[in-house]
1. What does the charge count near ALA82 come to, summing +1 for each Lys or Arg and -1 for each Asp or Glu among other residues with Cβ under 13 Å from its Cβ?
2. What is the calculated FRET efficiency for MET1 to THR104, with r their C-beta to C-beta distance and R₀ = 25 Å, to the nearest 0.05?
3. Using 24 Å as the Cα-Cα cut-off, could you pick out the over-long pairs in LYS11/LYS108; LYS11/LYS76; LYS8/LYS76; LYS22/LYS76; LYS8/LYS91?
4. Please work out the FRET efficiency for the pair SER29 and GLU68, using the Cβ-Cβ distance as r and a Förster radius of 22 Å; give the result to the nearest 0.05.
5. Quick one: plug the Kirkwood hydrodynamic radius of the stretch 47-114 (C-alpha pairs) into Stokes-Einstein at 20 °C, 1.002 mPa s, and report D in µm²/s.
6. Could you list ILE20, ILE95 in order of exposure, starting from the residue whose Cβ has the fewest other Cβ atoms within 10 Å?
7. Calculated FRET efficiency, LYS11 and ALA111, Cβ-Cβ r, R0 30 Å, to nearest 0.05?
8. Would you calculate, for the chain, the mean residue ellipticity at 222 nm contributed by helices, counting each DSSP H stretch of 4 or more residues as -39,500 (n - 2.57) and dividing by all residues, to the nearest 500?
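Every number in this text was worked out from the coordinates using simple rules, so none of it is lab data. All of these numbers come straight from a predicted model, not from anything done at the bench. Because the Cβ atoms are built from the backbone with ideal geometry, glycine has one as well, and the counts that use them run over all protein chains shown.
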Amino acid sequence: MNEETTRKFKKRLETLRDEILKVIDWKESASEAGEAMDEIDQANELIEKEMGFVMSFNMRNNLNEVQEALDRISNKKFGACANCGAEIALKRLEILPFARFCTTCQEKVEARAR
Ligand SMILES: [Zn+2]
């Protein structure tokens, strides 16, 4: 993956991380943050859009996923499948920037989980 593409994903992941942190903060101090609702709605919207079907409403879990993807960028391992090492299709990363496995391995993992 070229540097520009990696940078683009990094920016997206960092934005996503900030938005998740915002929601976590808000949830933990919910009583005093009534006036921040609009901002939280916006954050939720973006997170839902970015996390798509993996949206679990478990924000800490989501945060870990995003943080790990950012770590992979720092380690120059971003875009490589954590299982077989193959390059994850760019199309898949566009939808799921924090994807850990290539499509083939993801299917195997999901089959095992069933
Ligand atoms: Zn793989």
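1. With Lys, Arg at +1 and Asp, Glu at -1, the net is 0.
2. The pair MET1/THR104 has a calculated efficiency of 0.85.
3. Pairs exceeding 24 Å: LYS11/LYS108; LYS22/LYS76.
4. Given R0 = 22 Å and the Cβ-Cβ separation, E is 0.25.
5. Stokes-Einstein gives a translational diffusion coefficient of 172 µm²/s.
6. Lowest to highest Cβ neighbour count: ILE95, ILE20.
7. E between LYS11 and ALA111, to the nearest 0.05, is 0.35.
8. Taking each H run of at least 4 residues, the total per residue is -21000 deg cm²/dmol.
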